[in-house]
Amino acid sequence: MLRFIFGRLAVLIPTFLGVSLIAFSFIRLLPGDPVMLMSGERVMAPERHAELMHQLGLDRPMYVQYFDYLGGLVTGDFGSSIVTKRPVLDDFMNLFPATLELSLCAIIVAVLLGIPAGVIAAVKRGTWLDQSLMGVALVGYSMPIFWWGLLLIIFFSGYLGWTPVSGRISMMYFFPQVTGFMLIDSLISGQAGAFKSAVSYLILPTVVLATIPLAVIARQTRSAMLEVLGEDYVRTARSKGLTPFRVIGVHALRNALIPVITTIGLQVGVLLAGAILTETIFSWPGIGKWMVDSVFKRDYQVVQGGLMLIAAMIMIINLIVDVLYGFINPRIRH
Amino acid sequence: MAVAEIKTTKPQTGFAEFWFYFSRNKGAVMGLAIFLIILVLAIFAPFVAPHSPSIQNRDVLLLPPALAAGGQWTYFLGTDAVGRDILSRLIYGARFSLFIGLVVVTLSVISGVLVGLIAGYFRGRTDTIIMRVMDIILAFPSLLLALVLVAVLGPGLVNAMIAISLVNLPHFVRLTRAAVMSERTKDYVIASRVAGAGTLRLMFLTILPNCLAPLIVQATLAFSAAILDAAALGFLGMGAQPPTPEWGTMLAEAREFIQRAWWVVTFPGLAILVTVIAINLMGDGLRDALDPKLKRS
């Protein structure tokens, strides 16, 4: 098992270097003068330009700059925002819990609804129930989620007035950030109504972000279940006289879940891509909105640092999923 | 001349066999029908659309759809904030979406298959380097990478298509490579090599045709994903630029009116959704028809 983990880690190193090279070259590929871009100034005297070139280290050879950049990454220096002057890592750490909270809620919803839906569809294969569940899944799978979010806002926030449109919690509540998760922090604060407010702000973004993973998980569970239900050991379990619930829930589902877990792991990237759109629509202060805003504000230091941090995070999460998968399914370790 | 007629039925052609399995999937046939309708509308847009997609009629700003209170039949789906006919814009928008899908799929299939063939056929160091590069692309969330690429290249439809093609590339490379690796040690390939076939012939004429099935399915999925991604970039303001009647860009322009005029938001999204569903239905049908494992069951 250890060899398996180290093997995976060894593969990660070149990928990490490649990712850092992309993030490094991104800012240098942009059209325009790098000093102007990095300093955010529009007009500049030649002396100041040269001085800034030197200050930013841009007058050195490219490879020296790259190794310097790598050295920074290793020590946690991801650059600073041109707009706010704050270190990118600090902003990332501040905003990441909001994205994590939203993504976790979305994936929990997707798993809790998607797996049962897939199992029911597989067991009732060919019936109207199967067809309607898979029909809904197809719609969810094909959904432009930015439009879906707008529709939900029109109906639930505009027409019914049930949910707020943007932000994480009502302005009425203010409490210190302990965990960064609004649901938990609002409970800790003990303020009456704070938790309810946080939930009401979270519902629509969660539904929007959960839509595609939910559909994907339901479809994957159905096809995995169908494959497993035809196996000999399921027939044996049935002929032993076990209840259908036990046959399906224990014997079949446990084996069908192996590919489903891979699918869930693969949703990390999907969730982060979805978070970019969801957070933009609902003004959710997470890293997705932060990245989009930075692209538009031309705050390229943040884009560079954010790219690096997000890619590194995805690589680490994929590694964890891989290792977990190795635990569940010993066959792939070899 | 005596000709002995032995066979009474002709052997099925490849297409007939494919159509036999494809047409058994009702959803797939429906998807194909919807797709063909959208395709025809897109091609004949100037003849089908009731109005010009860009002419602004100042007398009918934010006019509701015909069936809603206050609507007019000349503007069946209503008008947008500057008085343009939404139906006409949607019909012209279909051109952009289908074009984007086509260009992206063509670009990523050609380059992906080429790179995947090389990786799978030559293996060794070439393969390792190619796959690491693909891993690097996959380490970024696709939409974020596309967004940043467009920021580098400059916002616009062409750059959005290039960015989406690049983001799609690894899927085709991986798929081709896996298929090539499972084929290249099979007897017919070895026989062909022994018979003196050169590398290029082996790669493109012997192995590739036998790897096509999963690639066709993936291409269909990539087609719908490309439409979604391009619309998302348009929505974020980084894809097609206004006043292009691209569906995502239309949604972005409509955002500020969501509380006042539901139709300007609803119809462009619906157009995206219906198109993507139709293509995905076709993709499911193609998978059923082309996957030999499923055929037997």
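The values are calculated or read from the model by the stated rules, or taken from the named source; none is laboratory data. None of these values were measured; they are calculated from a predicted model. All Cβ positions, glycine included, derive from the backbone under ideal geometry; neighbour counts span all protein chains shown.
Observations
- Any hit, the range A:103-126, residues being in contact with a helix residue (DSSP H, G or I) (Cβ under 8 Å, 6 or more places away or on another chain), among the charged types (D, E, K, R), over 30 Å from residue A:201 (Cβ atoms) and in contact (Cβ under 8 Å) with a residue 40 or more places away in the chain: yes
- Whichever residue in the range B:14-63 is farther than 18 Å from residue B:102 by Cα and within 14 Å of chain A (Cβ to nearest Cβ) and, among such residues, is surrounded by the most Cβ atoms within 10 Å (Cβ to Cβ): B:28
- Taken over the range B:124-176, the criterion of being crowded, with 20+ Cβ neighbours inside 10 Å, polar (S, T, N, Q) and within 12 Å of chain A (Cβ to nearest Cβ) is satisfied by B:142 alone.
- Hey, residue B:206 surrounded by 16 or more Cβ atoms within 10 Å (Cβ to Cβ) and under 30 Å from residue B:55 (Cβ atoms) or not: no
- Annotation: of all residues in the range B:266-288 being buried (at least 23 other Cβ atoms within 10 Å of the Cβ) and aliphatic (A, V, I, L, M), the one that is modelled with the lowest pLDDT is B:286.
- Residue identified as within 11 Å of chain B (Cβ to nearest Cβ), of a type in the set (S, T, N, Q), more than 30 Å from residue A:118 (Cα to Cα) and surrounded by 15 or more Cβ atoms within 10 Å (Cβ to Cβ) among A:186, A:170, A:157, A:223: A:157
- Checklist (1) at the interface with chain B (Cβ under 10 Å from one of its Cβ atoms); (2) more than 23 Å from residue B:225 (Cβ to Cβ) applied to residue A:151, failing item: (2)
- If the condition is being buried (at least 22 other Cβ atoms within 10 Å of the Cβ), away from every other protein chain (no Cβ under 14 Å) and aliphatic (A, V, I, L, M), then the range B:209-229 contributes only B:219.
- Residue B:104 meets the conditions (1) more than 30 Å from residue A:297 (Cβ to Cβ); (2) away from chain A (no Cβ under 14 Å); (3) crowded, with 17+ Cβ neighbours inside 10 Å in every case but one. The failed one is (1).
- Counting only helices (runs of 4 or more DSSP H) that sit wholly inside the range A:228-334, those with at least 3 residues that are within 26 Å of residue A:201 (Cβ to Cβ) and within 11 Å of chain B (Cβ to nearest Cβ) are A:253-282, A:287-296, A:300-328.
- Qualifying positions in the range B:171-187 - under 20 Å from residue B:132 (Cβ atoms) and not small (Gly, Ala, Ser): B:171, B:172, B:173, B:174, B:175, B:176, B:177, B:180, B:181
- Looking across the range B:230-253 at every residue that is more than 8 Å from chain A (Cβ to nearest Cβ) and of a type in the set (A, V, I, L, M), the one that is farthest from residue B:146 (Cα to Cα) is identified as B:250.
- Selected residue (criterion: surrounded by the most Cβ atoms within 10 Å (Cβ to Cβ)) from residues of the range A:1-54 that are modelled with pLDDT under 85 and among the polar types (S, T, N, Q): A:39
- The single condition from (1) at pLDDT below 85; (2) crowded, with 20+ Cβ neighbours inside 10 Å that residue A:214 fails is (1).
- Of the residues making up the range B:256-280, those that are more than 7 Å from chain A (Cβ to nearest Cβ), of a type outside the set (S, T, N, Q), in a helix (DSSP H, G or I) and in contact with a helix residue (DSSP H, G or I) (Cβ under 9 Å, 6 or more places away or on another chain) are B:257, B:263, B:264, B:267, B:268, B:270, B:271, B:274, B:278, B:279.
- 1 or more residues at pLDDT 85 or above and in contact with a strand residue (DSSP E or B) (Cβ under 8 Å, 6 or more places away or on another chain): qualifying helices (runs of 4 or more DSSP H) within the range B:63-168: B:86-122
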